[in-house]
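A short worksheet on the structure shown next.
Read-outs throughout are calculated quantities, based only on the coordinates presented, and are distinct from any laboratory measurement. All values reported here derive from a predicted model rather than from experimental measurement. So basically every Cβ, Gly included, is an ideal-geometry build from the backbone, and we count neighbours across all protein chains shown.
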Amino acid sequence: MKYKYISHIVLFVMLCITNSVYSQNSTTNNGGQVVTVQPKIMVVPYTKEGEDLRTVLENDPNKRIAITKIKEGFDSRGFTTVDFIAKLKAAKDNNVFTSDNQTDIKSQIIQMSGADVYVQAEVIIDNGSSGNSVKLILTGYEASTGNSLSNKVGESGRFYTEDYNKLASKAVESCIEDFLNVMQTKFTDIVNNGKSVIVDISFDAGSQYKMSSEIGSDGLPLSDQIEAWMEKNAFKNNYHIQGTTDLKMILDDVKIPLKDQATGNNYSPNKFALEIFKFFKGLGLQPAKDVKSSTIYITIK
């Protein structure tokens with residue numbers, strides 16, 4: 001028996017503001033009106049080293065089959081889907097891509113499409129003496145933080161056929177229901193309770209400040225100023241401090257909202273980092289910020 005790995009697919013699940021049973025506060029605190037969201041799904045191929053996201057589907061019919069069947073699995077259960085090829089063509093026509101880096105290209109597609117969740121699917125063909133089969137491994141992630149939402153494995157069963165279209169369909173059918181149920185439960189939790197980011201606050205080597213420095217008009221230590229701000233601005237006042245020293249504070253589970261009521265757009269870690277940046281500027285400090293996935297780094301000069 002031999003195994004042939006034919007493709008890895010990445011599904012970016014787009015969630016837009018439309019009528020649905022799910023709602024969320026849109027501000028970073030307890031106030032604000034609620035908005036509703038309904039998952040919208042776009043299937044995007046994963047690229048291995050040396051492959052170009054912009055051309056990979058043109059060269060591999062098996063990937064096109066797998067993408068189509070997974071997309072149909074979502075369609076048949078009432079989810080709205082977006083055509084990746086159409087989005088990619090629009091991005092090319094509008095010269096959206098600013099580099100040839102595959103990670104950058106994916107990030108730009110997510111940004112222009114409003115992705116909230118991506119689902120990575122690995123499609124494996126097993127050619128054996130007792131017949132052929134297709135295995136599908138689905139893993140869903142919240143796009144802006146990388147937190148896992150759902151993991152499922154589907155298998156077609158073994159048949160004497162090389163019709164991988166049908167085998168892929170059977171693999172999708174075997175796992176899509178459970179996958180979507182788990183993903184929706186996790187997503188609903190994000191809607192209700194926010195998504196998690198890490199905030200790492202430290203000081204530049206030449207900084208005259210530290211966490212015990214008395215800052216602001218009320219003369220409170222900086223660490224207390226930070227905690228008071230987080231209590232007011234974390235989503236539903238939900239945050240957790242992992243630890244504090246005189247030179248560093250790490251908040252390992254700060255909740256931010258999924259959507260911004262003012263714009264209807266996704267509320268990203270970068271937006272929350274900007275609010276933190278403005279907070280420190282308001283205290284008369286000179287901060288620098290950097291955002292990597294779900295981690296916000298603040299360095300005080």
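Out of 44, 82, report the one residue that is among the β-branched types (Val, Ile, Thr), closer than 26 Å to residue 169 by Cβ and under 16 Å from the mean Cα position of the chain (by Cα).
Details: 82 fails: under 16 Å from the mean Cα position of the chain (by Cα).
None of the others qualify; the one that does is 44.
So which residues in the range 229-274 are more than 20 Å from the chain's Cα centre (by Cα), of a type in the set (Asp, Glu) and surrounded by 13 or more Cβ atoms within 10 Å (Cβ to Cβ)?
Scanning the range 229-274 gives a single hit, 246.
Which members of the range 131-176 meet the condition of being in a loop (DSSP other than H, G, I, E, B) and among the β-branched types (Val, Ile, Thr)?
Narrowing the range 131-176 to residues in a loop (DSSP other than H, G, I, E, B): 143-147, 156-158, 160-163.
Of everything in the range 131-176, those that are in a loop (DSSP other than H, G, I, E, B) and among the β-branched types (Val, Ile, Thr) turn out to be 145, 161.
Based on this model, can you work out whether residue 200 counts as in contact (Cβ under 8 Å) with a residue 60 or more places away in the chain, surrounded by 13 or more Cβ atoms within 10 Å (Cβ to Cβ), charged (D, E, K, R) and in a strand (DSSP E or B)? I'd like the intermediate steps shown before the answer.
Details: in contact (Cβ under 8 Å) with a residue 60 or more places away in the chain: yes; surrounded by 13 or more Cβ atoms within 10 Å (Cβ to Cβ): yes; charged (D, E, K, R): yes; in a strand (DSSP E or B): yes.
Yes.
Residue check, residue 181 against (1) over 30 Å from residue 273 (Cα atoms); (2) in a strand (DSSP E or B), all met but one. Which one?
(2)
Just for the range 56-82: of the residues that are within 14 Å of residue 44 (Cβ to Cβ) and among the polar types (S, T, N, Q), which one is surrounded by the fewest Cβ atoms within 10 Å (Cβ to Cβ)?
Result: 68.
Quick one: in the range 132-143, which of the residues that are out of contact with any Lys or Arg (no Cβ under 7 Å at 6 or more places or on another chain) and closer than 30 Å to residue 104 by Cα is surrounded by the most Cβ atoms within 10 Å (Cβ to Cβ)?
136
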